[in-house]
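Down below is the structure, laid out as structure tokens.
Every number in this text was worked out from the coordinates using simple rules, so none of it is lab data. Not measured: the values here are computed from a predicted model. Please note: Cβ atoms are built from the backbone with ideal geometry, for glycine as well, and neighbour counts cover all protein chains shown.
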């Protein structure tokens, strides 16, 4: 893939995120793709399992939005920085919905193979997200 092809792919992904289209997002992955995300709790392998991770996140945060801040392309590796915002209206990881807002920055590292995502690693402050929705309590220092 050329750099322009990769940029176009990630523009399509942003459109799919805006539609909360888990199937389109998972369709960008190879059949044996691996997704690493604190939300998933473990490495997730395969398109169907990855689609389920997207769907559960969209269900938990029904008004979720993603704002791309930076996209870096280096050959078959891509780094994406985004701002994620939403409201816990569907419950997170089996917990009851809190109605609380979240907002956090995420770095997503991708490895591409044959025009698709072979590996996706999401790096963000998951503990901070749990604090924002009230699943964890902490006292300020």
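Residue 126 to residue 12: FRET efficiency via 1/(1 + (r/R0)^6), r the Cβ-Cβ distance, R0 41 Å, to the nearest 0.05? Using R0 = 41 Å, I get an efficiency of 0.95. Once you order the gyration tensor axes a ≥ b ≥ c over the Cα atoms, which shape class does the range 60-119 get: rounded for a/c under 1.5, otherwise prolate or oblate by comparing a/b with b/c? Since a/c reaches 1.5 and a/b is larger than b/c, the shape of the range 60-119 is classed as prolate. Every helix of 4 or more DSSP H residues in the chain counts as -39500 (n - 2.57), and over all residues that averages to -9500 deg cm²/dmol at 222 nm.
Length available on full extension from residue 2 to residue 103: 0.36 nm per residue minus the Cα-Cα distance, which gives 33.1 nm. The range 71-141 and the range 42-61 have Cα centres lying 12 Å from one another.
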